[in-house]
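Structure first, then comments.
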Amino acid sequence: MRVHPEVEEALAAGRPVVALESTIIAHGLPRPDNERVAREIEAVVREAGAVPATIAIIAGEVRIGLDDAALSTLANAGGVAKCGVRDLAPAAASGAHGATTVAATSHLAALAGIRVFATGGLGGVHRGARESFDESADLATLARVGICVVCAGVKSILDIPATLERLETLNVTVLGYRTGTFPAFYLNDSGLPLGWRVDTPAQAAAVLRARSELRAPGAVIVANPLPEDEQVDPELHDRVLREGLEAAAEQGIAGRDVTPFLLERFHSHTGGESLRANVRLVLRNAALAAEIAGA
Ligand code: PSU
Ligand code: MN
């Protein structure tokens, strides 16, 4: 594992550091926006007073904090593996390039001593999981890794109520940031209530301190919604999702192909609305994470 000198110095001096995931760069955002957005996310973390540490595997080496060349490789190279925790060892041993999911980024960030992590949305329970058993490894990983994950909830292409149930079972703390309900990524509100809310970075930091003193094992999710006037138009969203689910069923799209299929549909059927919202919420989460790390 190679820690970028800037990150290493900040950690040693007790200055704020924010971990960032790389699956969103390699697989979550379309090219060529992905590289530009990855740099913007890092810039926003800096502006908010923290050091960014984007995490990935480059030619088999785990990197905590990427230099320019590594970030370009990740954004543009073909065949970058999507790495959950179980993929880290084979990717490292075989010298592959790997983009880390929320689960793998959390695991590696904690290993490096980083306590706050910003992303767009978490993985969760897929629709139809009752038959397919398809639930993201993000959930089980967040049950054991003591890190703060700032996100905008989960996408409505997942089963959001089931995802919240699983987070409860797995003892993962969920805080609404200036909201009493769980956000739904493109939409500012899923309508599902949360038990706890915080209204300032200092309040979130106080929860993290208490969590660590009480030895509660898992993650603290800070769910940060897009403002209502910046969300994707709910009618447009519901229509694209409904038609996308129908098209997936008709074309026999199943299993791991469902998510990329639906996300592509959102990008191509909302006239860029979904991409704009996606970028905006990631930048907001990066800024908030930096403030929480500072606090
Ligand atoms: N949610 C999104 N966009 C993403 C992801 C999640 O809205 O790109 C990525 C994250 O890296 C997350 C991973 O950890 O997908 C979950 O994938 P899976 O469902 O295969 O566990
Ligand atoms: Mn899955």
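Does region 230-274 hold any residues that are in contact with a Gly (Cβ under 8 Å, 6 or more places away or on another chain) and open to solvent by 40 Å² or more (accessible area, probe 1.4 Å), and which are they?
Scanning region 230-274 gives F261, R265, H269.
Could you list, in sequence order, all residues of region 216-272 that are on the phi < 0 side of the Ramachandran plot, more than 13 Å from ligand 1 (Cβ to nearest atom) and either without any contact (Cβ under 8 Å) to a residue 12 or more places away in the chain or outside the structural domain of A286 (by TED's automatic domain parsing) (or both)?
Those that are on the phi < 0 side of the Ramachandran plot, more than 13 Å from ligand 1 (Cβ to nearest atom) and either without any contact (Cβ under 8 Å) to a residue 12 or more places away in the chain or outside the structural domain of A286 (by TED's automatic domain parsing) (or both): D229, E235, D238, R239, R242, E246, A249, E250, Q251, I253, S268.
Restricted to region 114-137, and to residues that are open to solvent by less than 20 Å² (accessible area, probe 1.4 Å) and farther than 19 Å from V258 by Cβ, which residue is nearest to ligand 2 (Cβ to nearest atom)?
Filtering region 114-137 for residues that are open to solvent by less than 20 Å² (accessible area, probe 1.4 Å) and farther than 19 Å from V258 by Cβ, the one nearest to ligand 2 (Cβ to nearest atom) comes out as T119.
Being in contact (Cβ under 8 Å) with a residue 24 or more places away in the chain, among the acidic types (D, E) and either over 18 Å from N34 (Cβ atoms) or in contact with a Gly (Cβ under 8 Å, 6 or more places away or on another chain) (or both) is the filter here; which residues of region 58-107 pass it?
Residue satisfying the conditions is E61 alone.
Which of the residues belonging to region 32-49 are touching a residue at least 60 places away in the same chain (Cβ under 8 Å) and of a type in the set (A, V, I, L, M, F, W, C)?
Those that are touching a residue at least 60 places away in the same chain (Cβ under 8 Å) and of a type in the set (A, V, I, L, M, F, W, C): V37, I41, V44, V45, A48.
Given the options V150, V154, V145, V174, name the one that is among the β-branched types (V, I, T), more than 14 Å from ligand 1 (Cβ to nearest atom) and open to solvent by less than 40 Å² (accessible area, probe 1.4 Å).
Being among the β-branched types (V, I, T), more than 14 Å from ligand 1 (Cβ to nearest atom) and open to solvent by less than 40 Å² (accessible area, probe 1.4 Å) holds for just one of V150, V154, V145, V174, which is V174.
The values are calculated or read from the model by the stated rules, or taken from the named source; none is laboratory data. Note that this is a predicted model, so its numbers are computed, not measured. Cβ sites come from the backbone with ideal geometry, for glycine too, and all protein chains shown count toward neighbours. The area values use the complete protein model at the heavy-atom level, side chains included, leaving out ligands, DNA and RNA. Shrake-Rupley method; radii C 1.70, N 1.55, O 1.52, S 1.80 Å.
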